[in-house]
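Asks: Okay, handing you the structure first.
Derivation of every value follows stated rules applied to the coordinates shown; laboratory data play no part. As the structure is a prediction and not an experimental result, all values here were calculated from the model. Here the Cβ is made from the backbone with ideal geometry for all residues, glycine too, and neighbour counts use every protein chain on show.
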Amino acid sequence: MHLTMNRILSSITLNRLHISPSQLFKLNFFVFLSALCFLIACVNGSIAVNLSDFLSGEISELTKIVLLEIRLPRVILAALVGASLGISGAALQGLFRNPLADPGLIGVSAGAALGATLVIVLGSKFLSGFMLGSFLLPLGAISGAMLVIMMLYLLTRGFGYQGVTYMLLVGIAVNAIAGVGIGILTFISTDSELRGLTFWTMGSFGGVTWPLLIPAILIILISVTSMMTVSRNLDLIQLGEPEAYRLGVDVKRLKYKIILSCAAAVGASVSLSGMIGFVGLVVPHLVRLFGGVNHNYLLPGSAFIGAALMITADMLSRTMIQPAELPVGLITSAIGSPFFLWLIFRIKRS
Amino acid sequence: MSIQANSIDINLNNRSILKDVSLSVEQGEILSVIGPNGAGKSTLLKSLAGDIKPSEGEISYDRKNIDEINIQERAFTRSVMSQLQAIAFDFSVKEIIEMGWVSRGESTYAKEFEDAVMEVVIKCGVKSLINRNFNTLSGGEQRRIHFARTLLQLWRPSNSDDPKYLLLDEPTANLDLTYEVKLLNIVKEAASEGAGVMLVLHDLNLAAKFSDKIALLNKGSVVKTGTPKEVLNPDILSQVYDIDIKVQEDPLFITYY
């Protein structure tokens, strides 16, 4: 007991050593920013809510239901998905030592989407009567995500550095394969059991309910926390695996931890919101531009900026063309793809 | 106190790299390993560092088999510098050096962190570089930074007498004359303060000048171990390197062209 306490204390002090005061300040700012976005997103929408009315209890029953049963879970989901895509992007980029590793680009999200659609379609075809527990859907997605990361692990010979482009080419192939799978499944399940192809390829936060959300909250919080605990080791692995090992990093364990956590975070996210592109790519780079590349700062920073961005993107998607809704992936891709191009040019130049 | 290799064999991809090699890196001494390309020098260093497990024989740190020492404890006892790898993200020089700070578990140790970093930075003469982006440095500058990181890994408060070992694979590659000598002088100072040092060197004259002991390796076996004078013998060297090598004694000086 005493020993574990010591270990926790020392890991906290060590983390303090490897984060600068200005980075701590920036992290605080990111927390504030995401909280602000959260609040704004809660009061804005097709039914506007006056915050002071809500606090004093002077709102109609309808507004209350809209706020607590529809909008609040939706905004929480957006925040969680943004956080998990952001932090997973940062962790995968660190593990692969590749600035272009993003759960969307390298096919992890697509694998998760395929896993989720398989559970829904096969679940209703062959497991009818079997309770489609709200854990089964994220589990299918997590298995799909895990399968893709494992495949990447084999193809890159244990995440060895293979150059920037190789992994993207693999990602294109994986995305295409998963696209075919989702397409076929959508086709054979013409009824309401499977949401439309646009949901899985462009993403949406609409229609989420508390019973679906709660398992996802648990899974995402656990995996995000588990990633945070290895941030220092992600720094060290930038020196190369042999060097990290010599500095006392259990490289194998680090890999398994990141693989599992990313698969869980991305899988749980995709199962509820579909594939939302470019967040995992753009967010870590934004955070690096703001204040540095060390993972003690980068991982929490990516989680909060990811949450803030995703809440905002979702708010735009539901308010821009009322009463209709834009797929949220359309908005993130519109912002993300030019950024992606810029990034490629920057990498090519150096 | 020493790192010892006890008649180790190493096979990689069904090829024998080291055969029956015995060697010890004693505290307070500099052991240089020399030999032609492909003699197995780097492999020997890696096996002493614990990267590669020998198929026969054993490696021990202070009489304790290396397999019984967990990797964090190893990181605390020995530091290694070898071939460089490209770094994908723009870490600052200071951050790269600080990566050498191995978790000591006790938070009291952490208070000395800033002082230790500064001490090492000044010793290595890299103060003017610490706020630069590591990836914009030249190859030689990057090596000096990695060397500073290696030193920080073994930093101890002045009252500590924990054993420590430096294993350096061609530390002077890419360095100009000034820093070549400067780096080896720092290594010598570390040895005089009690560190056990193993160097893999190509330059026989540097080996002659800076080593307490030299091990000459050829085709995976130790040809001779001893003081520089004993090992740097013109007949042995000429035979191992397969060119005519002359040795002038006092001061020891080797010519081969």
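Asks: Please arrange B:Lys123, A:Lys348 by how many other C-beta atoms lie within 10 Å of their C-beta, fewest to most. Write out the running numbers ahead of the final one.
Replies: Details: B:Lys123 16, A:Lys348 8.
If I rank by nearby Cβ atoms, fewest first, I get A:Lys348, B:Lys123.
Asks: According to the Kirkwood expression over distinct Cα-Cα pairs, how big is the hydrodynamic radius of the protein assembly as shown, in Å? Present the calculation step by step, with values, prior to reporting the outcome.
Replies: On the way: mean 1/r = 0.0372 Å⁻¹.
When all Cα pairs of the protein assembly as shown are included, the Kirkwood radius is 26.9 Å.
Asks: Mind pulling up the Rg/Rh value for the stretch B:93-243? Radius of gyration and Kirkwood radius, both on Cα. Display every interim value, and only then the final one.
Replies: Details: Rg = 17.6 Å, Rh = 17.1 Å.
When Rh is taken as the Kirkwood radius, the ratio is 1.03.
Asks: Another question, if that's okay. Rounded to the nearest 500, what is the 222 nm mean residue ellipticity of the protein assembly as shown from helices alone, with -39500 (n - 2.57) per DSSP H run of 4+ residues and division by all residues? Write down the numbers at each step before the final one.
Replies: Details: 26 runs with 345 residues, N = 607.
Roughly -18000 deg cm²/dmol at 222 nm, from the helical runs in the protein assembly as shown.
Asks: What average number of partner chain Cβ atoms lie no more than 10 Å from the Cβ of the residues making up A:285-293?
Replies: Values: counts 0, 0, 0, 2, 0, 0, 0, 5, 8.
Per residue, the number of nearby Cβ atoms from other chains is 2 on average.
Asks: Taking the DSSP beta bridges in the stretch B:2-255 as the whole, what percent of them are antiparallel, to the nearest 5? Walk me through the intermediate numbers first.
Replies: On the way: 24 of 41 bridges.
Just about 60 percent of them are antiparallel.
Asks: At a Förster radius of 25 Å, what calculated FRET efficiency corresponds to the Cβ-Cβ distance of B:Asn135 and A:Leu330, to the nearest 0.05? Numbers along the way, then the final one.
Replies: On the way: r = 36 Å, r/R0 = 1.42.
After rounding to 0.05, the efficiency reads 0.10.
Asks: Report the net charge of residues surrounding B:Val93, where surrounding means a beta-carbon distance below 9 angstrom and charges are Lys +1, Arg +1, Asp -1, Glu -1.
Replies: Neighbour charge sum, excluding B:Val93 itself: 0.
Asks: What order do you get for A:Trp200, B:Trp101 when you list them from fewest to most C-beta neighbours inside 10 Å? Intermediate results must be reported in sequence, preceding the final value.
Replies: Working: A:Trp200 28, B:Trp101 22.
By the 10 Å Cβ count, ascending, the order reads B:Trp101, A:Trp200.
Asks: What is the magnitude of the charge dipole of the stretch B:215-257 about its Cα centre, with +1 placed on the Cβ of each Lys and Arg, -1 on the Cβ of each Asp and Glu, and no other charges, expressed in debye to the nearest 20? Kindly include the intermediate steps, with their values, before the conclusion.
Replies: Details: 4 positive and 6 negative charges, 34 e Å.
Computed about the Cα centre, the dipole is about 160 debye.
Asks: What order do you get for A:267-280, A:144-157 when each peptide is scored by the mean count of other beta carbon atoms within 10 Å, highest first? Before the final figure, lay out the partial values.
Replies: Values: A:267-280: 29.4, A:144-157: 19.2.
Highest to lowest by the protection proxy: A:267-280, A:144-157.
Asks: Against the longest principal axis of chain B, how steep is helix B:139-153, in degrees 0 to 90 to the nearest 10, with axes from Cα atoms?
Replies: Roughly 70 degrees between the two axes.
Asks: Which distance in nm do the two modelled labels at B:His202 and B:Ala86 give, with both placed 7 Å along the Cα-to-Cβ direction?
Replies: Label at B:His202, label at B:Ala86, 2.2 nm between them.
Asks: Limiting things to C-alpha atoms, what are the Rg and the maximum Cα-Cα separation (Dmax) for the stretch B:2-255, in angstroms?
Replies: 18.4, 57
Asks: Once the Cα gyration tensor of the stretch B:178-257 is diagonalised, what are the square roots of 5 times its eigenvalues, in whole Å and ordered largest first, as equivalent ellipsoid semi-axes? List each step's numbers first, then the result.
Replies: Details: eigenvalues 103, 44, 25 Å².
So the three semi-axes of the stretch B:178-257 are 23, 15, 11 Å.
Asks: With both partners inside the protein assembly as shown, how many of the DSSP beta bridges are antiparallel, as a percent to the nearest 5? Intermediate values should be presented prior to the final figure.
Replies: Details: 24 of 41 bridges.
Roughly 60 percent of the DSSP beta bridges within the protein assembly as shown come out antiparallel.
Asks: Given the options A:Ile217, A:Ile188, A:Ile87, which has the most mean-square fluctuation in a GNM of chain A, springs set between C-alpha atoms less than 10 angstrom apart?
Replies: Among A:Ile217, A:Ile188, A:Ile87, the largest GNM mean-square fluctuation belongs to A:Ile188.
Asks: Could you work out the Kirkwood radius for chain A, taking every pair of different alpha carbons, averaging 1/r and inverting it, reported in Å? Display every interim value, and only then the final one.
Replies: Working: mean 1/r = 0.0481 Å⁻¹.
It works out to 20.8 Å.
Asks: Between A:Leu33 and B:Ile122, what FRET efficiency follows from the Cβ-Cβ distance if R0 is 30 Å, with the result rounded to 0.05? List each step's numbers first, then the result.
Replies: Details: r = 40 Å, r/R0 = 1.32.
Given R0 = 30 Å and the Cβ-Cβ separation, E is 0.15.
Asks: Counting other C-beta atoms within 10 Å, which of A:Met167, B:Met118, B:Met1 has the fewest, and how do the rest follow?
Replies: On the way: A:Met167 23, B:Met118 12, B:Met1 16.
In order of increasing Cβ crowding within 10 Å: B:Met118, B:Met1, A:Met167.
Asks: Give the lysines whose C-alpha is closer than 28 Å to that of A:Lys26, dropping any in the same chain fewer than 8 places away, or say none.
Replies: Once the sequence-local lysines are set aside, what remains near A:Lys26 is A:Lys257, B:Lys94, B:Lys111, B:Lys127.
Asks: Go ahead and set up a Gaussian network model of chain B, Cα springs under 10 Å, then flag whichever of B:Glu58, B:Glu29, B:Glu73 fluctuates most.
Replies: Among B:Glu58, B:Glu29, B:Glu73, the largest mean-square fluctuation in the Gaussian network model of chain B belongs to B:Glu73.
Asks: Assigning unit charges at the beta carbon (Lys, Arg +1; Asp, Glu -1) and nothing else, what dipole magnitude in debye, to the nearest 20, does the stretch A:254-350 show about its Cα centre? Can you show the working numbers first?
Replies: On the way: 7 positive and 2 negative charges, 99 e Å.
Value, rounded to 20: 480 debye.
Asks: Helices from chain A with mean Kyte-Doolittle at least 0.5 and a Cα length along the axis of 20 Å or more, per DSSP H: which? Don't skip to the answer; put the middle values down first.
Replies: Working: long enough: A:2-17 (22 Å, 0.24); A:21-43 (34 Å, 1.76); A:72-96 (35 Å, 1.57); A:108-126 (26 Å, 1.64); A:136-155 (28 Å, 2.23); A:164-188 (37 Å, 2.12); A:210-228 (27 Å, 2.16); A:251-273 (32 Å, 0.94); A:295-319 (35 Å, 0.66); A:328-349 (32 Å, 1.15).
The qualifying helices are A:21-43, A:72-96, A:108-126, A:136-155, A:164-188, A:210-228, A:251-273, A:295-319, A:328-349.
Asks: Sticking with the crude label model, points 7 Å out along Cα→Cβ, report the distance from A:Val43 to B:Asn6 in nm, one decimal please.
Replies: The two pseudo-label positions are separated by 7.5 nm.
Asks: Here's another thing I want to ask about it. Summarise the partner chain shielding of B:86-98 as one whole number: the mean count of Cβ atoms from other chains within 10 Å of each residue's Cβ.
Replies: Numbers: counts 4, 5, 13, 14, 5, 6, 4, 0, 1, 7, 3, 0, 4.
For peptide B:86-98, the averaged partner shielding equals 5.
Asks: Further question on the same structure: Would you mind getting me the FRET efficiency between B:Lys246 and A:Arg349? Use the beta-carbon distance for r and R0 = 41 Å, nearest 0.05.
Replies: Values: r = 51 Å, r/R0 = 1.24.
The calculated FRET efficiency here is 0.20.
Asks: Something else now. Between A:Leu62 and A:Leu154, what is the label-to-label distance in nm when each label sits 7 Å out along the Cα-to-Cβ direction?
Replies: Between A:Leu62 and A:Leu154, the simple spin-label model gives 5.7 nm.
Asks: For chain A, with a Gaussian network of springs between Cα atoms less than 10 Å apart, report the residue from A:Ser189, A:Ser109, A:Ser60 with the top mean-square fluctuation.
Replies: Among A:Ser189, A:Ser109, A:Ser60, the largest mean-square fluctuation in the Gaussian network model of chain A belongs to A:Ser60.
Asks: Further, regarding this structure: Just tell me how shielded A:244-256 is by partners: mean number of partner chain Cβ atoms within 10 Å of each residue's Cβ, no decimals. Don't skip to the end; give the middle numbers.
Replies: Working: counts 3, 7, 16, 13, 10, 4, 3, 1, 0, 0, 0, 0, 0.
Mean number of neighbouring Cβ atoms from other chains: 4.
Asks: Any idea which of B:Thr77, A:Phe32, B:Ile243 is furthest toward the positive side of the dipole for the protein assembly as shown, if Lys and Arg beta-carbons carry +1 and Asp and Glu beta-carbons -1?
Replies: So the residue we want is A:Phe32.
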